[in-house]
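Here's the structure, in structure tokens; my notes come after.
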């Protein structure tokens, strides 16, 4: 039976690991055991933070909409309820963009929500 050497495969594995650890500080970038732990932790954080980013943006949009709603004399929840009653299907991202960039257009939308609540 022929002897099999695993040098090429293990070198490839290490190179891939060290490539992912590029930019890490200290021994975390060039010591195999520490690098392996650091890369695994980084990948775990990367996965979790991709999920958290969506939550954080939604929170930011709600805060911006809430402030603009207060300027127009209503609460965030009343505004969203009024928009739902009015059949206005603008998502929070677009509402927040309007609240920041075009307060006049947001005021018109808030007026439509007020009318829907009054009716």
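Within the stretch 16-29, the set of residues being surrounded by 10 or more Cβ atoms within 10 Å (Cβ to Cβ) and in a helix (DSSP H, G or I) comprises 16, 17, 18, 20, 27, 28, 29.
Within the stretch 79-103, the set of residues being over 15 Å from residue 63 (Cβ atoms), within 28 Å of the chain's Cα centre (by Cα) and part of a helix (DSSP H, G or I) comprises 81, 82, 83, 84, 94, 101, 103. Kindly establish whether residue 74 is part of a helix (DSSP H, G or I) and surrounded by 14 or more Cβ atoms within 10 Å (Cβ to Cβ). So residue 74 does not fit the description; no. Checked against the criteria, residue 51 counts as modelled with pLDDT of 95 or more and either within 19 Å of residue 97 (Cβ to Cβ) or exposed (fewer than 13 other Cβ atoms within 10 Å of the Cβ) (or both).
The values are calculated or read from the model by the stated rules, or taken from the named source; none is laboratory data. Fair warning: this is a prediction, and the values are worked out from it, not measured in the lab. Reconstructed Cβ throughout: ideal geometry from the backbone, glycine too, with neighbour counts over all protein chains shown.
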